[in-house]
1. Considering region 223-259 alone, what residues qualify as being surrounded by fewer than 23 Cβ atoms within 10 Å (Cβ to Cβ), of a type outside the set (Lys, Arg) and in a loop (DSSP other than H, G, I, E, B)?
2. For region 312-387, which strands (runs of 3 or more DSSP E) that fit wholly inside it have 2 or more residues that are of a type outside the set (Ser, Thr, Tyr) and more than 19 Å from VAL423 (Cα to Cα)?
3. For region 265-279, state whether one or more residues are within 21 Å of ALA74 (Cβ to Cβ), touching a residue at least 24 places away in the same chain (Cβ under 8 Å), in a strand (DSSP E or B) and assigned by TED's automatic domain parsing to the domain that holds LEU88.
4. Considering THR207, THR261, THR245, which residue is at pLDDT 95 or above, assigned by TED's automatic domain parsing to the domain that holds GLY343 and over 21 Å from ALA345 (Cβ atoms)?
5. Before we move on, is ASP363 among the acidic types (Asp, Glu), in the same structural domain as THR161 (by TED's automatic domain parsing), modelled with pLDDT of 95 or more and buried (at least 22 other Cβ atoms within 10 Å of the Cβ)?
6. Quick one: is ALA338 closer than 21 Å to ALA110 by Cα, among the small types (Gly, Ala, Ser) and in the same structural domain as ARG298 (by TED's automatic domain parsing)?
7. Answer yes or no: is there a residue in region 293-307 that is outside any strand (DSSP E or B), hydroxyl-bearing (Ser, Thr, Tyr) and touching a strand residue (DSSP E or B) at 6+ places or on another chain (Cβ under 8 Å).
8. Considering only region 192-218, state which residues are in contact with a helix residue (DSSP H, G or I) (Cβ under 6 Å, 6 or more places away or on another chain) and closer than 16 Å to ILE251 by Cα.
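The values are calculated or read from the model by the stated rules, or taken from the named source; none is laboratory data. Remember, predicted model here, so these are calculated numbers, not experimental data. Positions of Cβ are generated from backbone atoms using ideal geometry, with glycine treated the same way; all protein chains shown enter the neighbour counts.
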Amino acid sequence: MRSPRSPRASARVRALLVASAGALATLGAACGGGQTQGEAFDPRWKDDGGAGITAFAQRLAAQQLAGRPIPLGADVAVGVAGDGARRLVGVPLDGGPAWTFAHPLDARPAVAGSVVVGLGQGELFALDARTGRPLWTRNAGGRLRGAGDDGETTVVSLVSTTGSTSVVLAIGHDGMVQRQIEDEAAIGVPAVVGRHALLPWHGRYVTVFDLQTGGEVARGVFQAPVSHAFLSGGAIFFGGASAATRLDGAIGLGAAGRASTVALPDRGLPGAPVWMADGTDVLPPVASASDRARLYARPRARGAAGVEGGRFAATYLRIAAGFDARSGALAWVHAADADLLGGAAYAGGFALCDARGEVTLLDAQRGTVARRASLGQPVAACVVQADGLTAAELPGAPAGAPPGGEPSASRAGRLAAQIERAVTLPQPELLPMQRLLLRELAALPGEGATRALSDLASDAATPPSLAEDAREALAARLDGGGDIPEATPSP
């Protein structure tokens, strides 16, 4: 008779290997040195001091140097459309026609690598992200948390129909299930590289799971909350609400807070936006308030940990703002024509998708429009991936900043004009963000800022409470000897 044991005493894992070993890309033999002790997803494990996850990172780096890089994902926006969330629409961001795929959805679709994964009415499916062409369908229960893909294998994270168990499926692009994992741990959004799935769980662990042998080969431990594993720019990251950690030679120091981690500065923005929502949550097919207030950034894939391009973006309904990733200083403001529901950062810019189904690509430094794409119809939610896109590849992209950067006077004038437009948007729900921007405007130097305050104070389109704030800021500015704009000649 088997002795009873606590659910915490060991994880319950059921793994089914369907595909042959030759069908899987490999990272070589077991990582070697400092292997994880204990069963997968067991919090009572013997800590190896980061040796196993470091060895895995080193082996992966060696493979990349040998000419086997991590593939870049498709650059695409995918929206949920139709009454009752019964249709997916997609459009490539680097050119190409929009596509449509009809299927009921019980949760937000996931875009990962070269695929779009959806689940509805007991059917799990994958589409080619660029064309919408169906790749495979399978019967599946539960609800979709997220997915990862490396161009050959798609790993899908589900929560069971009872909500008490996590289910992870590794499925080839031919539709064959290579591995199934079930466990009581809450497993977040996964990633996959070769025959290894990277599975975040319990808010602070990432298990490296060998899809061929069916076991944990390494584990990362982190101080900051971690519920996402993802590929970006040819590197692997683990992230949460406000930080992302790169898988590199320093990954074993994650428990001590000394891995290659980048955190976004806290600006106290309205809506309390986060970089990544909790990966163990199931996102509904229709966007919520938290989707309308989000942070977007692209962690640096190489070199010192940081944000690529030194900018992150924040959205609040129809307003997007760019900030310096180190200081948090406001860099630009963009006023959209509809609520912004989703987006992604790419090398040199941000791709933001709105409720009309329009995708606007913005220059990361100044917030100017580089290009637009269209899903062709309004959407209830939108997911964007922009992994390989670069600003230099966009036709009609604005010229780069002059040598030495944008002159301070030009920057202040441009930013003042951008803020003025955002502050006059006629939507009462925007008031918290508009007030923040008005304070930023009052602190800007130069005649352009003074003129913008004067216009806002007298413009009938300015909401009354903001007009009063503008008058007070203008009075303080002029009393302090600020710049007085020249009178505009009468027509």
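1. GLN223, ALA224, PRO225, GLY233, GLY234, ALA241, SER242, ASP248, GLY249, ALA250, GLY257
2. Numbers: elements: 319-324, 330-335, 340-346, 349-354, 358-363, 369-374, 381-385.
Correct list: 340-346, 349-354, 358-363, 369-374, 381-385.
3. no
4. Numbers: THR261 fails: over 21 Å from ALA345 (Cβ atoms); THR245 fails: over 21 Å from ALA345 (Cβ atoms).
None of the other options fit; the residue is THR207.
5. Here the answer is yes, as ASP363 does meet what is asked.
6. no
7. Quick first cut of region 293-307, residues outside any strand (DSSP E or B) only: 293, 297-298, 300-306.
If we keep only those that are hydroxyl-bearing (Ser, Thr, Tyr) too, we end up with none.
No, the conditions are met nowhere in region 293-307.
8. Going through region 192-218, the residues in contact with a helix residue (DSSP H, G or I) (Cβ under 6 Å, 6 or more places away or on another chain) turn out to be 208, 212, 218.
Residues satisfying the conditions are VAL208, ALA218.
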